[in-house]
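Can you read through this structure? Questions will come right after.
The values are calculated or read from the model by the stated rules, or taken from the named source; none is laboratory data. Quick caveat: nothing in here was measured; it's all calculated off a predicted structure. Virtual Cβ from ideal backbone geometry, glycine too; neighbours counted across all protein chains shown.
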Amino acid sequence: MPPRRTLPVLAVFAFAALLAGCGSVDSTSRRIATAFTPYKIEIVQGNFVSKEQVEALRPGMSREQVRQILGTPLVTSLFHAERWDYVFTLRRQGVDPQQRRLTVFFKGEGMDHFEGDTMPSESEFVATLERKRATGTVPPLEATEAQLRAFPAKPAAPVQPAPAAPAAAVNYPPLEAPAR
């Protein structure tokens, strides 16, 4: 090939090699990104409503009583004033998102009924939040009578007589004469 035609052909091959290199760099960066994921914050939105709170609801309760038990609703609407929606969402890294809903319906100023998901008790919910802990045995927190006898008894402290009541305060004249 004459040298004039060699330069454009080499330029085309160099450009093709450059594009191919970009593709391999992109796939490598994708592999690196999946190996090292950044920290993702836990997102908690809404009101957690426990099983105990739902059990405290009674038909005929005023809106204020419902608010005292469940808290301020996450969603209220001017177009649906007779309905309060409580939505709770929890997103954590490595755990499936949790979402629960409870809707409270009113007739006038009194609660009519409610419907929604089955709510966990407070202890069940806390158990889902705990991270995996190192497995091990928890030592007993109470000592048996035999274990208590193994330790020497502490000598009883001598009984101190109660201090006498302080004498009544007396007003004394000043020690120095006032300066003139």
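Does V170 count as within 41 Å of the chain's Cα centre (by Cα) and either at pLDDT 85 or above or loosely packed, with under 12 Cβ neighbours inside 10 Å (or both)? Reasoning before the result, please.
Values: within 41 Å of the chain's Cα centre (by Cα): no; either at pLDDT 85 or above or loosely packed, with under 12 Cβ neighbours inside 10 Å (or both): yes.
In short, no.
Given the conditions (1) surrounded by 10 or more Cβ atoms within 10 Å (Cβ to Cβ); (2) in a loop (DSSP other than H, G, I, E, B), report the number of the one that D112 does not fulfil.
(2)
Go over the candidates T89, T103, T76 one by one and state the one that is at pLDDT 90 or above, surrounded by 10 or more Cβ atoms within 10 Å (Cβ to Cβ) and among the polar types (S, T, N, Q).
T103
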